[in-house]
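Q: I have a structure I would like to understand better, so I am pasting it below and will then ask my questions one at a time.
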Ligand code: CMX
């Protein structure tokens, strides 16, 4: 058994016991009342899930196992000579609740490198799709093709005991995380570089190797990938991608089935696809205004035009957050450090100065501030990754870290199948509209 797995195995019993005892004592307490408006309103603000890996505070933003993004930047190990946190470290933190040292992070890197070989049929499945198929379509097809390797599906068929479910789930999760960068890079090179693929470099870390396979050898870009993969990894349990993984996983669907469900959710424009939509929208604005850097007044008019056409301003707003997303801030700081005069970064900054007041003035947008997707594309464009249709795939690779930790824990503690109740308008009216 590998050492990470061994350590995780030793945590299962105490954690299960803790939950059991907590439930015994407090199981009948209430965590809140649900209003009819919440039943119709996408369950906003209803606490109905357990997610141990991270918690989102509306005012403060995300904390991973209690650590904010600046704290992760300070406390997680970096690549030799680098400054950004290694996503391997965040994975370990989310899985075990403990901060890793350099050795542990190297162990995670090596573990994933050992598992990273993608079977050839996965590439054939991707190749069977037209090159014009959206990268997220190709990504989900690739994930489903990887499912032939599912250890959980094999073990379940043989007749595994409930107590052991976590073990093949851990294997699947680790294999999936290890293989996703290769699948993502394959799609990118297939679509945008004539299928001129780049072999992995097993000496590199997980995110550095992804950059390398995409075709970017610039050290700064590798640092960006490390930061990117860290900040997109998890956003507590109720967002569409994380919840879809958890929901589908609760039927004992394996990691591949569950993760692809999450990726189908991430591919929606109100969720992860917003990173592509932001750059598409910024480029369209620039083109319409004749190129160059638009003035604040021009941006303001363009934003108002977007709203008047009944569209959303991509990259702004959030279902939970009520302030600027700290993931936006982390990316802004990266830009200020590495590319302060980049024209697209200056445009993103101007948009930040203009949009919130306009959204506030609508009187209905609850959070006028930018989210993670408002910034990520500008950084990628700077280093030459301009093919914005691909951006959500990068988000997806990162999201595997949090969702797979969650799934391993769900199997370890025997989380039950999800089955919330539903009702009808007629029944609600009968009960309340007297
Ligand atoms: N532009 C225009 N209108 C917006 C808006 C925006 N950026 N954000 C919210 N609104 C509108 C909503 O569409 C809604 O309008 P209606 O009442 O006419 O339906 C109203 O304001 C109230 O919405 P809300 O309660 O403030 O926001 P929700 O929780 O319903 O939705 C989100 C949250 C993210 C879907 C929404 O803010 C949005 O569409 N933003 C743009 C897309 C985006 O950036 N998504 C990425 C989010 C982060 C991520 O998951 O990656």
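Derivation of every value follows stated rules applied to the coordinates shown; laboratory data play no part. Small disclaimer: the values here were computed from a predicted structure and weren't measured. Here the Cβ positions follow ideal geometry from the backbone for every residue, glycine too, while neighbour counts run over all protein chains shown.
Q: Could you tell me the calculated FRET efficiency between residue 18 and residue 148, based on Cβ-Cβ distance and R0 = 45 angstrom, to the nearest 0.05? Write down the numbers at each step before the final one.
A: On the way: r = 37 Å, r/R0 = 0.82.
Efficiency for this residue pair is about 0.75.
Q: Pulled fully out, how much extra length does the chain show between residue 417 and residue 101, if you take 0.36 nm times their separation in residues and subtract their Cα-Cα distance?
A: 110.2 nm
Q: How many angstrom lie between the Cα centre of the stretch 5-32 and the Cα centre of the stretch 132-195?
A: Centre-to-centre distance over Cα atoms comes out at 30 Å.
Q: Please arrange 253, 37, 16, 54 by counting, for each residue, the other beta carbons lying within 10 Å of its beta carbon, fewest first.
A: In increasing order of surrounding Cβ atoms, one gets 37, 16, 253, 54.
Q: Evaluated at 37 °C with a viscosity of 0.692 mPa s, what Stokes-Einstein diffusion coefficient in µm²/s does the stretch 252-335 have when Rh comes from the Kirkwood expression over alpha-carbon pairs? All intermediate terms of the calculation are to be shown ahead of the outcome.
A: On the way: Rh = 15.3 Å.
Once the numbers are plugged in, D ends up at 215 µm²/s.
Q: Still on this structure, I have one more. Can you give me the orientation-averaged projected area of the convex hull built on the Cα atoms of the chain, in nm²? Intermediate results must be reported in sequence, preceding the final value.
A: Numbers: hull surface 93.3 nm².
Projected over every direction and averaged, the Cα hull of the chain covers 23.3 nm².
Q: May I pose another question? Which FRET efficiency, nearest 0.05, do residue 308 and residue 251 yield, Cβ-Cβ r, R0 41 Å?
A: Calculated value: 0.40.
Q: Along each of the three principal axes of the Cα atoms of the stretch 274-382, give the extent in whole Å, ordering the values from largest to smallest.
A: Extents along the principal axes, in whole Å: 37, 34, 21.
Q: Of all the C-alpha pairs in the stretch 197-331, what % are more than 25 Å from each other?
A: Details: 4232 of 9045 pairs.
Summing the P(r) of the stretch 197-331 above 25 Å gives 47 percent of all pairs.
Q: In which sequence would 410, 373 go, from the one with the fewest C-beta neighbours within 10 Å to the one with the most?
A: 410, 373
Q: Right, another one. Where in the stretch 347-366 is the amide nitrogen less than 19 Å from a point lying 7 Å along the Cα-to-Cβ axis of residue 37?
A: From the stretch 347-366, the list is 360-366.
Q: I need the P(r) histogram for the stretch 1-141: all alpha carbon pairs, bin width 10 Å from 0 out to the longest distance, whole percents.
A: Computed distribution, short to long bins: 9, 23, 26, 28, 13, 1.
Q: At 7 Å along the Cα-to-beta-carbon direction for both residue 366 and residue 29, put a label point, then send me their distance in nm to one decimal.
A: Going from the residue 366 label point to the residue 29 one covers 2.5 nm.
Q: Based on DSSP H runs of at least 4 residues, each adding -39500 (n - 2.57), what is the mean residue ellipticity at 222 nm of the chain after dividing by all its residues, to the nearest 500 deg cm²/dmol? All intermediate terms of the calculation are to be shown ahead of the outcome.
A: Values: 20 runs with 259 residues, N = 434.
My calculation for the chain gives -19000 deg cm²/dmol from helical runs alone.
Q: Now, a different point. Relative to the present Cα-Cα distance, how much length would full extension add between residue 428 and residue 287 at 0.36 nm per residue of separation?
A: Result: 45.8 nm gained on full extension.
Q: While we're here: Just want the ordering: 254, 201, 342, from fewest to most Cβ atoms lying within 10 Å of their own Cβ.
A: 201, 342, 254
Q: Which number do you get for Rg(Cα) / (2.2 N^0.38 Å) in the stretch 321-434?
A: 1.57
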